[in-house]
Structure formats: structure tokens, C-alpha cells
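*Asks:* Pasting a structure below so you can have a look.
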Amino acid sequence: MSSAEAWVEIGAADELAAGERMVLQIDDKFVAVFNVDGDYFAIEDRCSHDDGELADGALNGCEIECSRHGAKFDIRTGKALSSPAIVDIESYGVKVEADSLLLAWPTDETN
């Protein structure tokens, strides 16, 4: 099996204004989607330190802080930026096409 991505429509681009965020569930994962000055980013909505939700944390530029213990992550890459988190989280591509917001979601393809 190889890993691939499929673009999944997650809503209209104008439903997520600059500075806003939304959380959605795809399969068994929760994903936080952010609009930072017209650029869209998506990460798994789960702190790698203790599985807390990230979307409700403080967002400073492209850095989100977990409201539980203060771990910080880059929403562009999912990289853990500060302890107590030391493990990166998943990040997903986001694009706008024909006024729709699309999320790059991993799929498994059988060769």
C-alpha cells in the first residue's frame, strides 16, 4: 500500500473569515482549520502532549498554544515548538478552488 491524498471539500471559503477557525471531524480525527490573513492552514486538533484540543488555544500569527499546558505548535507544519510537547502533530494542505475550501486528506491506495 502507498499513501496518497484526496482533496475533500470542507465548506465555502467565505464561511471562514480571516482570524477565524473551525473544527471538523473526518473519519476518526478532529481537524482544526485556520484562516490567517487569507491563508488557510489545517492541523490535527490534538495536542501530542496529552491529547487536549488545540483549536480553543491562543493563536499568535501561525503559532497555536494548547490551553491546557502551554505547548505550542506551528499551524503551517504541525511542528511542536515548545514543551511539554516534543512530538509533532499532523498538518494538512488546504486550498481554495471555485470558492470552496478543500482539505488534503490522506488515503490508502492499493497498488
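The numbers here are math on the coordinates, done by the rules we state, and not lab data. Treat the numbers as computed from the prediction; the structure is a model and nothing was measured. Here the Cβ positions follow ideal geometry from the backbone for every residue, glycine too, while neighbour counts run over all protein chains shown.
*Asks:* Near Lys95, which aspartates and glutamates are there with a Cα under 17 Å away, not counting those fewer than 8 places off in the same chain?
*Replies:* Glu5, Glu9, Asp14, Glu15, Glu20, Asp37, Asp39, Glu44
*Asks:* Continuing with the same structure: Nearest 0.05, what FRET efficiency do Ser67 and Ile26 give at R0 = 22 Å with Cβ-Cβ as r?
*Replies:* With R0 = 22 Å, the Cβ-Cβ based efficiency is 0.45.
*Asks:* Find, among the GluC sites (Glu not before Pro) in segment 80-111, those assigned to loop by DSSP (not H, G, I, E, B) with at most 15 other beta-carbon atoms within 10 angstrom.
*Replies:* Taking segment 80-111 and a limit of 15 other Cβ atoms within 10 Å, the loop GluC sites (Glu not before Pro) found are Glu90.
*Asks:* Which of the lysines could a cross-linker span from Lys29 if the Cα-Cα distance has to be under 19 Å and same-chain partners fewer than 8 positions apart are dropped?
*Replies:* Hits, sequence-local ones excluded: Lys79.
*Asks:* Would you mind estimating how fast the chain diffuses translationally, via Stokes-Einstein at 4 °C and 1.567 mPa s with the Kirkwood radius over Cα pairs, in µm²/s?
*Replies:* Calculated translational D: 91 µm²/s.
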